[in-house]
Amino acid sequence: KAVMIINNVGGDAIIMGKGDDTNIGVPSYMISREDGQKLKSMLLKNPKAAATFPHESFDPRSHKSKENLSDFSSRGPTRDFRIKPEVVAPGEYIMSAKSDGNTNTHNCALEDQMGTSMATPFVASVGVQLQQYFRDG
């Protein structure tokens, strides 16, 4: 027995669970909406049909995309069945300023950055905008 979660929108399936979340004891799979519709159609035609899934080493997180949750982000469901995360923000593929480290040259460039230090300013600015909206209308 397993839990099958079908994405409710088109596009790649997201990964749910990470690291030691795999010892929850109930196998779970997240599949794309398109694959879910095919699976549903197959099961309606033959309720005793069996489905196979990729080898357990298959990890869609290796497919990097600006549309996917970063592989270093927490995910749900959690052991107490909460869905995670509650808030997400761009935190990967962020172009950030980079100094050459030499205070005499004043040279700078851009580089790809990732992590909470990239996502936090975005979340903070959205929070301020929401605060202003509800205060000023």
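Expressed in nm to one decimal, what extension gain is obtained for the pair Ala49 and Gln113 from 0.36 nm per residue of sequence separation less their Cα-Cα distance?
Gain on stretching Ala49 to Gln113: 18.5 nm.
Rounded to the nearest percent, how much of the accessible area of segment 69-136 (1.4 Å probe, protein heavy atoms only) is carbon and sulfur? Spell out each step's value before the answer.
On the way: 3090 of 5280 Å².
Of the solvent-accessible surface of segment 69-136, carbon and sulfur hold 59 percent.
In debye, nearest 20, what is the charge dipole magnitude of segment 69-136 about its Cα centre with +1 on Lys and Arg Cβ and -1 on Asp and Glu Cβ, if you could check?
Using only the charged Cβ atoms, the result is roughly 300 debye.
Any idea of the accessible area per residue across segment 69-136, 1.4 Å probe, to the nearest Å²?
78 Å²
Evaluate the distance, in nm, between pseudo-label points positioned 7 Å from the Cα of Asp35 and of Ala89 along their respective Cα→Cβ axes.
3.2 nm
The values are calculated or read from the model by the stated rules, or taken from the named source; none is laboratory data. Values in this document were obtained by computation on a predicted structure and should not be read as measured data. Cβ sites come from the backbone with ideal geometry, for glycine too, and all protein chains shown count toward neighbours. Just so you know, the surface numbers come from the protein's heavy atoms only, side chains and all, with ligands and any DNA or RNA stripped out. Shrake-Rupley method; radii C 1.70, N 1.55, O 1.52, S 1.80 Å.
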